[in-house]
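The values are calculated or read from the model by the stated rules, or taken from the named source; none is laboratory data. Just so it is clear, the structure is predicted and the values come from calculations on it, not from any experiment. Note that we place each Cβ from the backbone using ideal geometry, even for glycine, and neighbour counts take in every protein chain shown. Ligands, DNA and RNA are stripped out before the accessible areas are found, and what is left, the full protein with its side chains, is counted by its heavy atoms. Shrake-Rupley method; radii C 1.70, N 1.55, O 1.52, S 1.80 Å.
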Amino acid sequence: MEPLISKWHRELELFSAIKPMLILEGNVLDQYRYPVAGSIPEDELVPLPRYLQGFFADLGYEQVVFYSNLFGFVNPYAPRMLERFAQQNGVKAEGGVIPAEFKGNSADTAPNIIRRAMAQQSAATVTVLELASHYITTPERMDQNDVNSFNLLLQAALSASVVRTSQGRRQNLLVLLVNKLNDLPAWFYLNNPVCKTITLDAPDREERKRLMCGNAFATFFDSTVYRTDMPYYRQHPEELERLREKFVGLTEGLTFTELDAMRRLSKQECTPIRELCSVVDLYKYGIKENPWEQLSMDSLRTARQDFEKRIKGQDAALERTLDVVKRAVTGMNGLSSSSTAKPKGVLFFAGPTGTGKTETAKALAEKLFGDESACIRFDMSEYGQSHSDQKLMGAPPGYVGYEAGGQLTNAVKKNPFAILLFDEIEKAHPTILDKFLQILEDGRMTDGQGNTVYFSETIIIFTSNLGMYVKDEFGRRVQNVTMDMSYSEVEDAIRQAIDDYFKLELGRPEILNRIGENIVVFDFIRQEAGEAILRAQVNKIIRRMDEQKRIVITVTDEAYDQLRQAALADLSNGGRGVGNQVEALLINPLSRWLFDHGVTGNARVEITAFDTAARPASLTCQVLEEEKHE
């Protein structure tokens, strides 16, 4: 098998020959597999400093040392290199360490020692500054000593010598390892002709797949499990390939260190080969039994009927919503994408207010996870300010609220299997929409505390009133859809308005592209649906009065017709408007009548008439029978 050499390794080979200062940023705390035979056993997983020691030793460098402001200069991998470095630069190594402060005016501070090491021509030398992100508080708060120290490093790079070695000419190198490039002062690296920045990303698909092939695959399993299970997969190589591909897809964005932790976890748990992918859930969420895998297909077959009990008059919207759920349950979500770590589903609910958008999300949570509380709602009108992304995702270190974390990231860490409902998404600040781009594409987000939060087991639902009103040529807000339009006309008009908003007004068509064809338009509450909502709410009140107060309520046909005509006279506010009318015309007058007539329980009451024109509304009742109990 040909060695798989990462992009950053090739860049390091290229630019170490021409640039005396290299900044390695990004995934610098990870471990890496050394790709070629040399001073490190091939394919051994080692920390980045050990990797760099082997890399530069193989290039013929005679001295490689590592510096941190905690200890000074060290080389635990080749102590004799440190001793020669000490002799070369007129300092002492004590117990395998050359103590040196980063700041100060002494000749024995680290920048001055590095400057001498870079200028000498006796031995090709590499100095690696570990944890260089932490030498100063922030680049914006540097005192003069900080500035002087970085100026010395800059001078060291500018005056670096080229040294002849047994393998050719090598220039002395200064290598800085940082988490983010902007942890360093901008003037240190911007427009610096002797500096090259190399980014270390998380392992790509090919690197992760290499980890699952050859002898390395066996190390994921207990030896007994491997001997027992592997004969089957040798006879069915296509199943083994599918298993590997699924594991590789599920681990997108994870580091080599995390993959190695999964390997050890899988072996520790004696995981069968067929259940390898369950280790991903165990590592990410601390569970083996993924709720998505536990869903009852019989329960889902009745989902349409169950939803229609709660959401009236939205046949098309419910069908589109359930299509997304069925894709998630059957594992077909994301088949057209290169990423398998995306959320289980993404829905954009649009349409008139009070038509069941939020209720559908709650019904979905109850159907999938058995509890409405699995629908976590965020009112996006609360996140309209430029700094609101910190409130949602968590503030960075040093800022107010850092310890508390973000409201969204905390919620998903607590319950990674959930429906995330973002109400009125158009009211959120555009910086938050940028965060959603990453969530929708990668299925993960790093919070302010540096923890990775995974969204790959959630369904994300956005709701919006976009398209109900648009601006005319004078900039005035005018109604875009009306109740006298058919559903297909309403859908077309709202979808076009949403398209115009993201592409023309907001200038962010990429957000719309991430949502794709999952825009679900809810219809107006028409007369038939309004009557169904009214009947359901009246029946609920009657049932609860019987259960909680043992008061049996009946409504005559004539009285119900009076209530119906008044409650459904204006359906512009949808089902919520019907509910408000029920409260004003039935609940309030009924509670007033029961209180005034001293009826507190054990009674049968018939409503014979409603006076809906009165202010406040009133009703006429009679007690048919009062039940007596011992």
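Here is how the numbers come out for the structure above:
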quantity	calculated
The chain, Cα convex hull volume normalised per residue, Å³	248 Å³
Cα-projected label distance for Glu606 with Asp499, points at 7 Å along beta-carbon direction, nm	5.8 nm
Residues Glu372 and Arg476, FRET efficiency given R0 of 45 Å [Cβ-Cβ distance, rounded to 0.05]	0.65
Net charge, Ile461 excluded, C-beta distance under 13 Å - Lys, Arg +1, Asp, Glu -1	+2
Largest-first principal axis extents, alpha carbons of the stretch 121-263, Å	66, 43, 26
Shape of the stretch 517-559, Cα gyration tensor, a/c cut at 1.5	oblate
Probe 1.4 Å, protein heavy atoms only - accessible area per residue of the chain in square angstrom	48 Å²
Debye log10 I(q)/I(0) at q = 0.12, 0.20 Å⁻¹ for the stretch 39-118, Cα point scatterers	-0.35, -0.88
Label-to-label distance, nm, for residues given as Lys246 and Gln155 (7 Å Cα→Cβ offset)	6.2 nm
Descending principal axes extents, the stretch 239-322, alpha-carbon based, whole Å	52, 26, 24
Efficiency of FRET between Leu70 and Ser299 - r from beta-carbon atoms, R0 56 angstrom, step 0.05	0.50
Distance histogram for the stretch 474-630 (every C-alpha pair counted, 5 angstrom bins, percent rounded to whole numbers)	1, 8, 14, 15, 13, 10, 8, 7, 7, 6, 5, 3, 1, 0, 0
Modelled FRET efficiency - R0 45 Å, Ala216 with His134, Cβ distances, 0.05 increments	0.85
Segment Asn573-His597, length gained on full extension (0.36 nm per residue, minus Cα span)	5.3 nm
Whole-percent carbon and sulfur share, accessible surface of the chain, 1.4 Å	47 percent
Cα-based equivalent ellipsoid of the stretch 471-551: semi-axis lengths in Å, sorted from largest, via gyration tensor	39, 17, 12
Viscosity 1.306 mPa s, 10 °C: Kirkwood-radius Stokes-Einstein D of the stretch 524-596 over Cα pairs, µm²/s	125 µm²/s
Contact order relative to length of the chain, as percent, for alpha carbon pairs under 8 angstrom and 6 or more apart	10 percent
